[in-house]
Amino acid sequence: MEVFGTMGFFFGLIAFSTAWTSSNKVKELEKRIDDLERKS
């Protein structure tokens, strides 16, 4: 059971980190789109 617990913990960390980075990328894209719309 402990082995599965640690594996689940690592998978959770990986999923959380990937979701965090993807959300940050989306925010950066939204900022760039806003800047482009303001320039045009």
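Brief remarks on what is shown
- Among ALA19, LEU36, GLY5 - extreme Cα towards positive end, dipole of the chain, charges at beta-carbon: LEU36
- (i) 2.5; (ii) 2.2; (iii) 3.1, with the label sought being that of the calculated mean projected area of the Cα convex hull in nm²: (ii)
- Seen against the Cα atoms of the chain and their longest principal axis, helix 2-39 is set at about 0 degrees.
- Net length gained if the chain between ASP35 and THR21 were fully extended (0.36 nm per residue, minus Cα distance): 2.9 nm
- Arranged from fewest to most other beta-carbon atoms within 10 Å of their beta carbon, ARG32, ARG38 become ARG38, ARG32.
Read-outs throughout are calculated quantities, based only on the coordinates presented, and are distinct from any laboratory measurement. Just so it is clear, the model here is predicted, and its values are computed rather than measured. Cβ sites come from the backbone with ideal geometry, for glycine too, and all protein chains shown count toward neighbours.
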